[in-house]
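Take a look at the structure set out below.
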Protein chains: 2
Amino acid sequence: MPDSEYREIRKLDLFAHMADDNFTSLMRGAYVQNFPAQIELITEGEPSDFLHIVVSGSVDLFSTWNGRETSMATVRPISTFILAATIKDAPYLMSARTLEKSRIALIPSQDVRAIFGADSNFARAIVTELAQCYRSIIKAQKDLKLRTSLERLANYLLRQQRHAGGGAAFELDFEKRRLASVLGMTPENLSRAFKGLQPYGVSVTGTRISIDNQADLERFAKPNPLIDDFST
Amino acid sequence: MPDSEYREIRKLDLFAHMADDNFTSLMRGAYVQNFPAQIELITEGEPSDFLHIVVSGSVDLFSTWNGRETSMATVRPISTFILAATIKDAPYLMSARTLEKSRIALIPSQDVRAIFGADSNFARAIVTELAQCYRSIIKAQKDLKLRTSLERLANYLLRQQRHAGGGAAFELDFEKRRLASVLGMTPENLSRAFKGLQPYGVSVTGTRISIDNQADLERFAKPNPLIDDFST
DNA sequence: CAAATCAATTGATATATGTCAACCGGTCGG
DNA sequence: CCGACCGGTTGACATATATCAATTGATTTG
């Protein structure tokens, strides 16, 4: 693993405060690999042998049932995924596939569990990370149960806008078909939902979104920090 | 706090393996209180001052947005709730109300955070508990995104049947209006959904459910451990 | 006991969302 | 350059789900 990557990973909240020895020991068992786009990295139901870290590229977490499929989340650099399965030594609940050419670090789960017991700073970081993940999905659940698809899209756009710096125009950061799946709707419906937001000053050209009337859109979307603010 | 309760709480996974001193110290700052039914214990958005433990009775976790409300989960004895908010020292994402006369233990959040740093067994237990909570809600999210309301009801009945011992007849453990909210539908729709399951051998009398054709119902519901098995 | 509630149900209807088929407009490879 | 392909869009339609109003049945309360 190049030194620059090593240092990047070290800087992650999860690893930043652990003892040098322990981090080195974790990394010794780890390996890094490049994957092309659309490769299924893990499959739900399999045992969780590795904690994964997206070093570059991006990864889609999705689930299937009875022939249907839904996107649960997108993981971008640099962050980990399937921490909970690793900790519990339980089967993955979601599958993961690369969205683009990606570089992934793999740390054997048993090493993570071992060092967890030996390094209290690492343990604390894991707890914080897990609590964060838990709260994120509670928010997603509220979004899904309390809002219509049009409201979900409106709030998604406002979040994305903020994430992109707050300007009136910004880019969607992924394919519309995946956005539809993340928002819990069909691609056709997403198309109509974009039209449904035109009266509130939203215009779309390809992946470029422009919010022409911020106040109107916010009045409609009614964003709420307890659903839409990912930092808390 | 009566000695019997003290010992019950001590037996919780979260506290079972921590040092005596630390447990005693946690309990010293705690207090226990009886609440009547329908009392709002916490309100979403408020700071998380206490970790709550349901000693007896039951508690509904719910959320609201824009005049709508949805049930997220039901907490039954003996278990804790809002662990994640306590750990992160962040605002509650859900409100909680008693469903019936209930006895609740309250442990100051700052004590939990302090002892977390001092007791690695406690830290480990918290991680396990959080990972469990996380995985539970991932399953709920999959249930909601991948299944129709009829399928959710069918699988709920199968889970409840198993929970009740596996016999063909069993009782719903809460009001139908709350069940509807938990399953993400309206009470009217739940009523119709029960009728919709009659062809698969489900009969309902009040809160009593009878599954007359187990194989038929399972063929329709297609239960999946990665969604319906709460133990993993 | 009778009146008043309230959860549950039912029917009629409206709205939201999904499905299917067709089409459009790029991109890519021969 | 052309044609195949693919993501996105559109329209017509089907289905799922919510809403509203009315009724039932059980429970509570004066």
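The values are calculated or read from the model by the stated rules, or taken from the named source; none is laboratory data. Computed from a predicted structure; not experimentally measured. Ideal geometry is used to build each Cβ from the backbone, glycine not excepted, and the neighbour counts take in all protein chains shown. Please note that ligands, DNA and RNA were not included when accessible areas were found on the heavy atoms of the full protein model with its side chains. Shrake-Rupley method; radii C 1.70, N 1.55, O 1.52, S 1.80 Å.
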Qualifying residue in region B:182-191 (condition: among the small types (G, A, S), part of a loop (DSSP other than H, G, I, E, B), open to solvent by 20 Å² or more (accessible area, probe 1.4 Å) and within 21 Å of A:W65 (Cβ to Cβ)): yes
In region A:130-146, the residues that are in contact (Cβ under 8 Å) with a residue 60 or more places away in the chain and open to solvent by less than 10 Å² (accessible area, probe 1.4 Å): A:R135, A:K139, A:K142, A:L146
Which numbered condition B:F174 fails, given (1) at pLDDT below 95; (2) within 13 Å of DNA strand D (Cβ to nearest atom): (2)
Members of region B:79-100 that are facing chain A (nearest Cβ under 8 Å), open to solvent by 20 Å² or more (accessible area, probe 1.4 Å) and under 14 Å from A:L130 (Cα atoms): B:I87, B:K88
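Every residue, every condition in (1) within 18 Å of B:K142 (Cβ to Cβ); (2) under 16 Å from the mean Cα position of the chain (by Cα); (3) of a type in the set (A, V, I, L, M), yes or no:
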position: A:C133; (1), (2), (3): yes, yes, no
position: A:D143; (1), (2), (3): yes, yes, no
position: A:N155; (1), (2), (3): no, no, no
position: A:Q160; (1), (2), (3): no, yes, no
position: A:A168; (1), (2), (3): no, no, yes
position: A:D173; (1), (2), (3): no, yes, no
position: A:A180; (1), (2), (3): yes, yes, yes
Identity of the residue in region B:1-32, open to solvent by less than 50 Å² (accessible area, probe 1.4 Å) and β-branched (V, I, T), that ends up nearest to B:I104 (Cα to Cα): B:V32
Checklist (1) touching a strand residue (DSSP E or B) at 6+ places or on another chain (Cβ under 8 Å); (2) within 16 Å of DNA strand C (Cβ to nearest atom) applied to B:A168, failing item: (2)
Hits in region B:193-226 - residues which are over 17 Å from B:L172 (Cα atoms), within 15 Å of DNA strand D (Cβ to nearest atom) and open to solvent by less than 50 Å² (accessible area, probe 1.4 Å): B:G196, B:F220, B:A221
Residue match in region A:152-163 (condition: of a type outside the set (V, I, T), within 12 Å of DNA strand D (Cβ to nearest atom), assigned to a helix (DSSP H, G or I) and at pLDDT 95 or above): yes
Condition check for B:G166: part of a loop (DSSP other than H, G, I, E, B), on the phi > 0 side of the Ramachandran plot and surrounded by 13 or more Cβ atoms within 10 Å (Cβ to Cβ): no
All positions within region A:148-163 that are open to solvent by 10 Å² or more (accessible area, probe 1.4 Å) and within 11 Å of another protein chain (Cβ to nearest Cβ): A:T148, A:E151
Of all residues making up region B:63-78, the number that are open to solvent by less than 10 Å² (accessible area, probe 1.4 Å) and more than 10 Å from chain A (Cβ to nearest Cβ): 0
Subset of region A:48-71 (residues that are of a type in the set (A, V, I, L, M, F, W, C) and in contact (Cβ under 8 Å) with a residue 40 or more places away in the chain): A:F50, A:L51, A:I53, A:V54, A:V55, A:V59, A:F62
Conditions (1) open to solvent by 20 Å² or more (accessible area, probe 1.4 Å); (2) part of a helix (DSSP H, G or I); number of the one not met by A:R103: (2)
Condition broken by A:V112, with the remaining ones in (1) within 19 Å of A:E40 (Cβ to Cβ); (2) modelled with pLDDT of 95 or more; (3) of a type in the set (V, I, T) satisfied: (1)
Single residue of A:S231, A:S203, A:S191 found to be of a type in the set (S, T, N, Q) and either closer than 25 Å to B:M94 by Cβ or within 14 Å of chain B (Cβ to nearest Cβ) (or both): A:S231
Residue match in region A:104-127 (condition: facing another protein chain (nearest Cβ under 7 Å) and of a type in the set (V, I, T)): yes
Residue count for region A:181-204, restricted to those that are free of Cβ contacts under 8 Å to residues at least 60 places away in the same chain, among the β-branched types (V, I, T) and more than 11 Å from DNA strand C (Cβ to nearest atom): 2
